[in-house]
Amino acid sequence: MTALLQVQGLGKRFGGFVALADVSFDVAEGERLGLIGPNGSGKSTLVNCLCGTLRNESGEVRFAGQKLAGLNAHQRIRRGLARSFQLPRPFGTMTLAENLRVPILYAVQPRGGARVPDIARRCTDLLGMVGLADKADRKPADLTQIEMRKLELARAMASEPRLLIADEAMAGLSHQEVDEILALLLRLNAEGVTIIMIEHIMRAVLAFSQRLVVLVAGRKIADGDPQAVVREQAVVEAYLGS
Amino acid sequence: MDLLQLDLLGNALVSGLLLGAFYAAVTIGVSISFGMLDIVNIAHPAFIILGSYTAYIANTTLGVDPILASIVLLPAFYLLGVAIYTVYDLAFERRGDASIRGLAFFFGLLFITEVTLVLVFGVDYRLVEAVYVGPSISLGPIDLPLRLLVPALVSLALIGALQVFMRHSFTGRAIQAVAQDPLALRLMAANPTRIKRIAFGLSIATASVAGAVLIVIQPVEPSIARDYIGRVFAICVMGGLGSFGGTVAAAMTLGIVESLTATFSGPSWSPAVAFGFLLLTLALRPTGLFGRS
Amino acid sequence: MRTAGFVVLLLVVAAAVFGAARLVDNPYAFFAGYVVLQYIVLATAWNILGGYTGYVNFGTAAFFALGAYSTVALHKLTALPLPAMMLAGGIVSGAVGLGTGYFTLRLRGTYFSIATLAMAVVVQTLITNWSFVGGSRGAYVVRPAEVMGLDYVQYLFLLMLLLAVAAVTIARTIERSRLGTGFAAIRDDEVAAEANGVPTLRLKLVATALSGGLMGMAGAPLPYYVTYLDPASGFSLSYAVNTIAMPLIGGTASWIGPVIGAVLLGTLQQVATVTISSALSLLIVGLLLVGFVVAAPRGIIGWFGK
């Protein structure tokens, strides 16, 4: 089986600061990958480079066999590469249902999916999936923190992605709320969506991931079975300080 | 190129440099408000014209030197800035809705100031009297008109004083911190709103002096504020938002280019120069020609 | 309401307006009405970019004047009927909008706004130095007495009325379409819009070209209306202020806002210019603009509805 996402020698600098250096890894179709690393290790830069929000200077990203170089963010989500934002970024003047209409109209329809009469039902279904069906006509400002995260995930799912990058979807949530989001991501994966989870909450990452990649100072220092990776000397040092 | 052309070139370069120093004073307020505080005060040139008129009133009614009058009036302009910022903060920054309405707010202020000046003073050009308005110093073939030289020196003094304040006072450093990282400022135990209010007050205060030197250089009528909007923002962006050194360098470059254009292609083209520069800067290098990248 | 029904309704309203103006049977009614209609077009056009996508255009006067000056140029060169000239003016201004947008829309919205201000002065300088269209001296355009048996001023009024119907229909159609959803996403959060599949740059270019084009069409009949056009009046700042004030006072969220703003402010100024003075009437516009953005952020339509 060829990998769904192939990252080869990815590099990104900001002025003199090297944010990513020679990062390579693959993600197989249907896989659940955990991506961890201390603050400032380049995780968000990596997400932004994968999704087209930033341009990488060196290296290559292939998605479903195709090179992504030169494609904008909107072209990448149309090909099935979706992300949720670390800090939720809802469309503030729209209702929750309208929020979901955006990716349906602009990411799913250009591929030839989602016929117009089905859109409203699809929005309701998606909101139901994250438990927000009764708030379809509310504005994002009325939501709690966890509801905002759920909306963010539902909107990413509305684009019917093949690969979802969940960027710290659980930061700041309570123990029970973390479990809710975790269950949601596991269910999506069971439906066939490949997921990269970026997370600080080790309990959640370990429960979720089949494989773990560790970034430190813009470099990949470990990649493999989660239980084995967290015991590696380099990883322990990076987290606890040498 | 014959000797006459060389003379013209030399004079154009010198007056461009002097003009540039004055442009820097006109821009410095926007370098603070737009460059450091991210407040798009497009009304700034209108407050400069207001400064021209207050200097004009002091000069014609009391016979005071216009530049001296503008220095005395600094506190009044500072308070005007504080008042405007207070409204701006309450109406836009607190609501997290500064973009469209904030721009429209300052556009409205620009317009109100201009129309009010028209209603009070009419559309006639106004002049001031001072000992340095007529004479010039000659250095060989180069003429140094005092009505350009004195404003240039005053402008550089104004910017120098602001630079010293920004570098060496607690408030000045806090203003620079607010430009870079509001969180760091909170760690310094300073109130960002208060610091911004002071900074905005300062930015409007500079309009008093800039207005006075403007009316020394050229006769003023209310609508010329608009010619300066392009210059001011062109210089501010080219200079790399918020950098005083960059502002002076960009202002002098623009002064020289404008002065050369006026000398060799005719003065009716010079407003387009500034805006052309601005459009090019925005299209090619939005981080500024002289700024940190 | 379906678009077809809406257009029929608008046309009925337009016919009623035209009929009423003829009943008044005072040439001034048509002169004043023309200005109000022109502002409905300008305010609606501005709102397509400013209200829907959140990009503030300070350069209305330039787009408007480009339309007017393309008519001056065509008037000297050809004998085209006015509707064709309006189309030409729209194309010129739309192209300039596209060009300005192409260079500046990748940047933050603020820079776009400043660039439009700059563009207005550059265009004004070019026109002022272009003697073919009169340069700084201005140009005279002879207005025919009548066209097809209709008094020419009434004809101008009628054309502007139809353009207003078209502009409002376009705005309302956009609001309810996929395009409108994309515009709103850009206005709310451009990064999130792009990440959700919205081709942000392309949509912003559509908005600038459409908005600029409608402004150009609104400006095209101006030379026939004023019969003497010079850069100072064609590029008057009052166009820019009015076109920003009207949507913000009426409300930017819906097509009706700019219409309400244009009718109220346009009529107010027509009355105030006659009874007080034109400078004072402009001061009132400025004060209302500042007052509304500070105290009533959602405009007049914010007072009604949810």
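What angle, in degrees between 0 and 90 and rounded to the nearest 10, separates the Cα long axis of helix A:119-129 from the longest principal axis of the Cα atoms of chain A?
On a 0 to 90 degree scale, this one is about 60.
Within 10 Å of each Cβ in peptide A:70-77, how many partner chain Cβ atoms are there on average? Round it to a whole number, please.
Mean number of neighbouring Cβ atoms from other chains: 5.
Normalised by the residues of the range B:92-168, what does the relative contact order come to in percent, with Cα pairs under 8 Å and at least six apart?
The value is 13 percent.
List the equivalent ellipsoid semi-axes of the range C:39-173 in whole Å, largest first, each obtained as the square root of 5λ for an eigenvalue λ of the Cα gyration tensor.
For the range C:39-173, the semi-axes come out at 28, 21, 11 Å.
Return the FRET efficiency for the residue pair residue C:16, residue B:283: r is the Cβ-Cβ distance, R0 is 45 Å, and the value is rounded to the nearest 0.05.
E between residue C:16 and residue B:283, to the nearest 0.05, is 0.40.
May I ask for the accessible area buried between chains A and C, both sides summed, probe 1.4 Å, to the nearest 100 Å²?
About 1800 Å² of accessible surface is lost on pairing.
What number, in percent, do you get for the relative contact order of chain C if the mean sequence gap of Cα pairs under 8 Å and at least 6 apart is divided by its residue count?
Result for chain C is 31 percent.
Just subtract the alpha-carbon distance of residue A:234 and residue A:58 from 0.36 nm times their residue separation and send over the number in nm, one decimal.
Value of the extension gain: 60.8 nm.
If one takes the longest principal axis of the Cα atoms in chain B, at what angle in degrees, from 0 to 90 and to the nearest 10, does the Cα axis of helix B:44-57 lie?
60
At the nearest 100 Å², what buried accessible area, both sides summed, do you get for C and B when the probe is 1.4 Å?
Protein heavy atoms only, the C-B interface buries about 3500 Å².
Keeping all protein chains in the complex and leaving out DNA, RNA and ligands, what accessible area do you get for residue A:175 with a 1.4 Å probe, in Å² to the nearest 10?
120
For residue C:228, what accessible surface area do you get with a 1.4 Å probe? Give it in Å², rounded to 10.
Probe radius 1.4 Å; accessible area of residue C:228 about 80 Å².
Treating each Cα of the protein assembly as shown as an identical point scatterer and ignoring solvent, apply the Debye formula and state log10 I(q)/I(0) at q = 0.05, 0.09, 0.11 Å⁻¹.
Result of the Debye calculation: -0.32, -0.99, -1.31.
Any idea what % of Cα-Cα pairs in chain B are farther than 25 Å?
So the portion of pairs separated by more than 25 Å is 47 percent.
Using a simple spin-label model with points 7 Å from Cα along the Cα→Cβ vector, what separation in nm is obtained for residue A:29 and residue A:137?
Here the modelled spin labels are 4.3 nm apart.
Add -39500 (n - 2.57) for each DSSP H run of 4 or more in chain C, then divide by its residues: what number comes out at 222 nm, to the nearest 500 deg cm²/dmol?
One gets -25500 deg cm²/dmol as the mean residue ellipticity at 222 nm.
To the nearest 0.05, how large is the calculated FRET efficiency for residue A:87 and residue B:223 if R₀ is 60 Å and r is the Cβ-Cβ distance?
My answer for the efficiency is 0.85.
Using 0.36 nm per residue of separation minus the Cα-Cα distance, give me the extension gain between residue A:223 and residue A:39 in nm, one decimal.
So the extension gain works out to 64.4 nm.
Find the eigenvalues of the gyration tensor of the Cα atoms of the range B:1-45, then list the square roots of 5 times those eigenvalues as equivalent ellipsoid semi-axes, largest first, in whole angstrom.
Those come to 35, 8, 7 Å.
Assigning unit charges at the beta carbon (Lys, Arg +1; Asp, Glu -1) and nothing else, what dipole magnitude in debye, to the nearest 20, does chain B show about its Cα centre?
Roughly 1060 debye for chain B.
Please state the Cα pair-distance histogram of the range A:77-145 with 10 angstrom bins from zero: what percent is in each bin?
Calculated over all Cα pairs of the range A:77-145, the distribution is 19, 51, 28, 2 percent.
Based on the mean of other beta carbon atoms within 10 Å per residue, what is the order of C:87-96, C:242-251, A:19-28, most packed first?
Per-residue mean Cβ counts within 10 Å order the peptides as C:242-251, C:87-96, A:19-28.
Taking all protein chains together and a probe of 1.4 Å, list A:94, A:129 from the most accessible to the least accessible.
The ranking, largest first, comes out as A:129, A:94.
Please report, in Å, the Rg and the Dmax of the range C:3-236, where both are computed over Cα atoms only.
Cα radius of gyration and Dmax of the range C:3-236 are 18.3, 57 Å respectively.
Go ahead and run the numbers for FRET between residue B:164 and residue B:38, Cβ-Cβ distance against an R0 of 22 Å, rounding to 0.05.
The pair residue B:164/residue B:38 has a calculated efficiency of 0.40.
With point charges of +1 on the Cβ of Lys and Arg and -1 on the Cβ of Asp and Glu, referenced to the Cα centre of the range A:83-242, which listed residue (A:120, A:106, A:222) lies farthest in the positive direction of the dipole?
Sorting the options by dipole projection puts first A:106.
Counting C-alpha atoms alone, how compact is the range C:164-231: give Rg to one decimal and Dmax as a whole number, in angstrom.
16.0, 51
Please give the average number of partner chain Cβ atoms lying within 10 Å of the Cβ of each residue in B:36-43, rounded to a whole number.
2
On average, how much accessible surface per residue is there in the protein assembly as shown, in Å², for a 1.4 Å probe, leaving out ligands, DNA and RNA?
For the protein assembly as shown, the solvent-accessible area averages 39 Å² per residue.
Antiparallel versus total DSSP beta bridges in the protein assembly as shown: what percent is that, nearest 5?
Rounded to the nearest five, the antiparallel share is 65 percent.
Taking a cut-off of 18 Å between Cα atoms, list the lysines near residue A:43, but don't count ones fewer than 8 places away on the same chain.
A:12, A:220
Straight-line reach from residue C:204: which lysines have Cα under 25 Å away, leaving out those fewer than 8 places along the same chain?
A:139
The values are calculated or read from the model by the stated rules, or taken from the named source; none is laboratory data. What you are looking at is a predicted structure, and each value in this text was computed from that prediction instead of being measured. Neighbour counts are summed over all protein chains in view; Cβ atoms, including those assigned to glycine, are modelled from backbone coordinates with ideal geometry. SASA here: full protein model, heavy atoms, side chains in, ligands and nucleic acids out. Shrake-Rupley method; radii C 1.70, N 1.55, O 1.52, S 1.80 Å.
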